Amino acid sequence: MAAIRNVEEIRDGALAALAQASDRAALQEWRVRVLGRKGELTTVLRSLGSLPEAERRVVGAAANAARDVLDAAYTERAARVEQEELRQATERERVDVTLPGRPLPAGSLHVITRTLADVLDAFRSLGFWVAEGPEVEWDEYNFTRLRIPEDHPARDMFDTIWVDYTRPDGRRPMLLRTHTSPMQVRVMERRQPPIRVVVPGRCYRFEATDATHEWMFLQVEGLAVDEGVSLADLKGTLEEFARRIFGRERRVMLRHAYFPFVEPGVELAVDCFACHGTGCRVCGATGWIELLGAGMVHPEVLADVGYDARRYTGFAFGMGIERVALIRHGIDDIRMFYSNDVRFLEQFPGV
Amino acid sequence: MRVSLRWLEEYARLVLPPEALAQRLTVSSAEVESVERLGGWGPEVQVARVLRVEPHPNADRLRLVTVDLGGEDRPRVVCGAPNVAEGQKVVFGRVGARIVDGHTGKPAVLKSTSIRGVVSAGMVLSERELGISDEHEGIVVLPQDAPVGAPLDEYAGDVIFEVYVAPNRPDMASVLGVARELAALTGQPLREPPSAIVPSGAARTGRVTVRIADADLCFRYVGVLVEGVRVGPSPDWMQRRLQSAGMRPINNVVDITNYVMLELGQPLHAFDRRQLRSGSVVIRRSRAGEAIRTLDGTDRVLANGTLLICDGDRPVAVAGVMGGEDTEVSPDTTDVFLESATFAPSSVRRTGAALRLRTEASRRFERGLPPELAMAGARRAAHLLVELAGGVVREPVEDACPQPRAPVRLGVSLARVERVLGIPVGRDESAEVLERLGFTVEAADEGVLRLTVPYWRPDVRIEDDVAEEIVRMVGYDRLPSQTLAGRVPAPDEDPVRDLRERLRLRFAAAGLREVMTYSLQSTDGWTAAGDTGDLTPLRVANPVSSEHEYLRLSLAPGLLRTLAPVLRLRRARVGLFECGRRYLPRRDELPDERETVCGVLAGERPDRWGSPSGESLDFSDARGVVEQVLSGLVDGLDLEAAELPGLLPGQAARIRAGADVIGRIGRVDPRVAGKFDIAVPVYLVEVDVADALAARAGPGAYRPLSRFPAVRQDVALVVARDLAAGELRRAILETPLVVSARVFDVYEGAPLPHGKKSVAFALELQAPDRTLSEDEAQRALRRMIERLRRQFGAELRGG
Ligand SMILES: [Zn+2]
């Protein structure tokens, strides 16, 4: 039974060779050599015809069995080789994910822009729309119609930068607005109640600059006029605002204040988000952070724009955005905002 | 206003500690800006009397001082002060006292020492050692009324409130006014100071009559003649109180006028009666050229119409601002004519501004004083002149008051108060808090309070003022936090703002950092960028500094100034932008405030690591920004080469959207950049938001996508060097079937002839209704090239 032995030798030799095949090419070569049309086993099967009947049947069965064994071995080996190749390829192409990315140009929005956007969003969600107005204003809108006539001592509250423009009568009526409040008058002039508006914009004061004072600053004015608007509404609206900006659990405190164009006038403080009222560096040890001035729109201001001041009431407020940003980000010098040191800008990346 | 709590205590019991009082005032009345404590020296620091001063046996400049502390103990200590003398009241520190070291200025504890062989168990102290000033030349000499042996804290300790006085509250510029508020807030009674006077007999020196000639500027003038005063120092307690308020004692007569001003808020002036020669005081406006020498020794020429106090026709005081030198009280004055008047606030304010002279008196008049206070002040001051300077008040008390006012009465509807506050406050509670504040509640009908407003509250004129009085008394804590009811109004549209905000985001997304620069620039600043043509900016009359004098016409200078230091820090690409306004002047109108977004780019393109690659940014980077920020926002975006001020010719263009110019782009002229210390190429991109809005693209209409495949074909065309690629591209796109044409290369040089360039386009040809055959596409291209040859002399490269 030399033929049988031959089949067994072929099978064992092929299995040994298969164990050595470690890549696709070797596998392919092995397959052609062993199982191909001119392969060793095929040759055995082809030569069966020359064998006697009885031997042919035995050798044929043995050869077919050997073929099945080799086929299965091949499939298993191929899967293993493929897996190994994949593993090696993965290893070759492994990247260091901790390396910096290929940089895209880094743009960013100014921290004041972002603070303002958050503040405006808070009021938008309460039904306020956003309007803007002129930075160069008439005395009439900035002062007179807000009940601050010429020669009124309240003008001392607003150190003013005047535009060098003199009327024939010797008056100098043009100025850089000292607050966004003139927009109260401008908005009410062009529409009827109900009104809910916030007005962001640059304002200017004739003031020396230091860590807490800038002569140019960004203010947001708020105005709500309707039947039944009250001081309690002001308190609730600003409390909701404070919660959105400084955290849900914030509380607000009102105290008495004087602004000629509101009555009653208040200042609003929010409990310190850093120490929760016990006193710290952020709040200057008081537990409260002074945030803004506000009040009920003076009925004479309403009457001046032609509103029925018996029927309509309103509240107004004005806040400095720099102050909100200083508090939120723990910035200790207001002059950082407009000196534009790129190292400062880069501390607030993105949009 | 500086308010001493010791002084305040005379009018109202202080039932809370100082910090709590300050808090109450701040929340409900007027902000206490600071609380300053005088004292805290401890029991070892006492008032002492100097018994003996003897020479030191071993030192010429030192002396041995024995002091009396009121008990058995009479310590003898070494003292180097030149001003020590027997009989003085001084401050003595025992061993163990906490003081400030006179030499180092640091806190120290007093020890027993031996100085040049003499043991010194204690010290006579200087102001510096007490920590109240830097004065260390001599020891503190106390007034003679200081009680020997008393701890200094007891005698001189005090708390000073710095109270902010709002322009509408003249009453708060007085100690009594602050006391009145505190009494009301804490439910204590107010003790008013005595002001009884008993005028007796006619004046020896003759009556002084008063006539108000300009009643529109002087509402009341009270004159009191006090004869037989002895001018001398005022009592120690008065001097201390004046000092606590920051005023310098002068003599008893002047001190009394100042004291009453601080106490009641009514400024007064004392004339020497004998210097009022005519016996007739006239209050009138000045005539042209009139002048006066004021108390401070300055000769002042008065603007026409300045309100004056005149002796006959001679000006003797600038009403409400300052008295004249001629008639001032001197050490030998014996008869005083006391003025207590009410002047029009605006007149005093204008005069003060014109003379650049604002005094304690003028500040008070500016707030508008009630005429009633003039009489109260006159009586109080006359009372003190009698008590403290030995004078006699003569009959009659002159009182010119051309138009006496009735007290202000108000009917206050509780419904209105509720409307304003948002909460009801009951009739009885409202009445109670108002009465505490000095209002008289005459009747409380159904829902209406009938009130008389106290004369010292000129700020309360309408119902809403009373609502404020009520809420500040009942406390703001009582207000609930409500949200607005009612319908949400339809917003006003502001498309310029909306577009500006989109551009702001897109500039940031295009890799530029937002900066914010000042709206005001220096002279050099606005001309330096050279980009504003013939425009002249608005100037401000009182700039905060010469750096900030002109309202900007361009954002470029601010950006270039900001960019320069960044380029010194790093070489790789830097892009900065600002959204802001340019202020274009208009004759006799407010300027046109143009919303503008402007960006600058400079530096080298970064490599894979973000390091500078050595390859500078160029015009295409700037154009890339324009394409990215404006695509989809405006229709027909295109650049049109142009010569523009401040930009380098040949690298400058207008940004167009169809027929509209909406901005500019270009390389900043290197000479301009040089002025900002920038040596590398800088590119500028600017969009005028309102102009861009005019060219705003619509929402965009959908075009059906072709179902048929496109034929792609690259062609390189050789054309004249100065033919704009954009023009060539427009012509290509006019070719039937060509649906897109993208430039992908531009080449100049050999083997192309001089003056020629090759522009390569990637084309797509497509038919909407069928699959294009290769033949059809090639025919279309041949026709296109033929047309371009005729139109531009274009040749197919390599063709
Ligand atoms: Zn805190």
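Nothing in this text is a laboratory measurement; each read-out follows from the coordinates by a stated rule. Only a predicted model underlies this, so the values are computations on that prediction, with no experimental measurement involved. Note that each Cβ is placed from the backbone with ideal geometry, even for glycine, and that neighbours are counted across all protein chains shown.
Of note:
- Local net charge near B:Pro43, Cβ-Cβ under 12 Å (Lys/Arg +1, Asp/Glu -1): -1
- Fraction of the pair-distance distribution of segment A:2-92 above 20 Å, Cα-Cα pairs, percent: 40 percent
- Prolate/oblate/rounded call for segment A:111-345, Cα gyration tensor, a/c under 1.5 rounded: oblate
- Listed residues A:Pro100, A:Pro260, A:Pro194, most fluctuating in chain A (Gaussian network, C-alpha, under 10 Å): A:Pro100
- For the protein assembly as shown: Kirkwood Rh in Å [reciprocal of mean 1/r, alpha carbons]: 38.1 Å
- Ranking B:Gly636, B:Thr294, B:Val566 by how far each Cα lies toward the positive end of the dipole of chain B (charges on Cβ) leaves B:Gly636 at the top.
- Gyration tensor verdict on segment B:643-690 (Cα atoms; rounded if a/c is under 1.5, prolate if a/b is larger than b/c, oblate otherwise): prolate
- For the pair B:Ser631 and B:Arg314, label points projected 7 Å from Cα toward Cβ lie 8.9 nm apart.
- B:Glu137/B:His103 FRET efficiency (R0 22 Å; Cβ-Cβ; nearest 0.05): 0.95
- Pairwise FRET efficiency - B:Arg696 versus B:His754, Cβ, R0 = 51 Å, nearest 0.05: 0.70
- Nearby aspartates and glutamates by direct alpha-carbon distance to B:Lys111 (threshold 18 angstrom, same-chain neighbours under 8 apart not counted): B:Glu44, B:Asp73, B:Asp101, B:Glu129
- Among the trypsin sites (Lys or Arg not before Pro) in segment A:119-208, those placed in a DSSP loop whose Cβ has at most 14 other Cβ atoms within 10 Å are A:Arg171, A:Arg191.
- Among the GluC sites (Glu not before Pro) found in segment B:41-131, those both in a DSSP coil and sparsely packed, with 10 or fewer other Cβ atoms within 10 Å of their Cβ, are B:Glu72.
- For the options A:Gly222, A:Gly39, A:Gly314, a Gaussian network treatment of chain A with springs between C-alpha atoms closer than 10 Å singles out A:Gly39 as fluctuating the most.
- Gained length - B:Gln243 relative to B:Leu705, 0.36 nm times residue gap less alpha-carbon distance: 157.4 nm
- The residues neighbouring A:Thr43, those whose beta-carbon lies less than 14 Å from its own, together hold a net charge of +4 under the Lys/Arg +1, Asp/Glu -1 convention.
- Among A:Gln347, A:Trp288, A:Tyr307 the positive-end extreme of the charge dipole of segment A:271-351 (Cβ point charges): A:Trp288
- Distance in nm between pseudo-label sites at A:Glu85 and B:Asp60 (7 Å out along the Cβ direction from Cα): 11.2 nm
- Value of Rg/Rh across segment B:288-435 [Cα atoms, Kirkwood radius]: 1.12
- Here the contact order of segment A:2-92, divided by its residue count and restricted to Cα pairs under 8 Å and six or more residues apart, works out to 37 percent.
- Average partner coverage of B:349-356, which counts Cβ from other chains inside 10 Å: 1
- Segment B:Val661-B:Ala509, length gained on full extension (0.36 nm per residue, minus Cα span): 52.4 nm
- Length gained on full extension, B:Phe744 to B:Asp445, computed as 0.36 nm times the residue gap minus the Cα-Cα distance: 98.7 nm.
- Angle in degrees between helix B:495-509 and the longest Cα principal axis of chain B, rounded to the nearest 10: 70 degrees
- Each Lys or Arg adds one and each Asp or Glu subtracts one; over the other residues with Cβ under 15 Å from the Cβ of B:Gly352, this totals +3.
- Seen against the Cα atoms of chain B and their longest principal axis, helix B:18-28 is set at about 60 degrees.
- Under 16 Å from the Cα of B:Lys756 - aspartates and glutamates, other chains or at least 8 residues apart: B:Asp722, B:Glu727, B:Asp745, B:Glu748, B:Glu795
- Neighbouring Cβ atoms from other chains, within 10 Å of the Cβ of residues in A:149-156, number 6 on average.
- Lone cysteines, the protein assembly as shown (no partner Cβ under 4.7 Å): A:Cys203, B:Cys79, B:Cys218, B:Cys310, B:Cys401, B:Cys579, B:Cys598
- A straight line joining the Cα centroids of segment B:150-222 and segment B:281-320 runs 26 Å.
- Degrees between helix A:111-124 axis and first principal axis of chain A (Cα, 0 to 90, nearest 10): 80 degrees
- Over chain B, relative contact order from alpha-carbon pairs under 8 Å, at least 6 apart, %: 8 percent
- Annotation: amide H of B:Ser126 within the under-5 Å range of B:Val140, sequence separation 5 or more or interchain, hydrogens built in the peptide plane.
- FRET efficiency, 1/(1 + (r/R0)^6) with R0 30 Å, evaluated for B:Asp492 and B:Arg587 via beta carbons: 0.60
- Pairs of Cα atoms nearer than 8 Å and 6+ residues apart set the relative contact order; for chain A it is 15 percent.
- Note that segment B:736-789 shows a convex hull volume over its alpha carbon atoms of 93 Å³ per residue.
- For the pair segment B:433-470 / segment B:725-758, the C-alpha centres are spaced 86 Å from each other.
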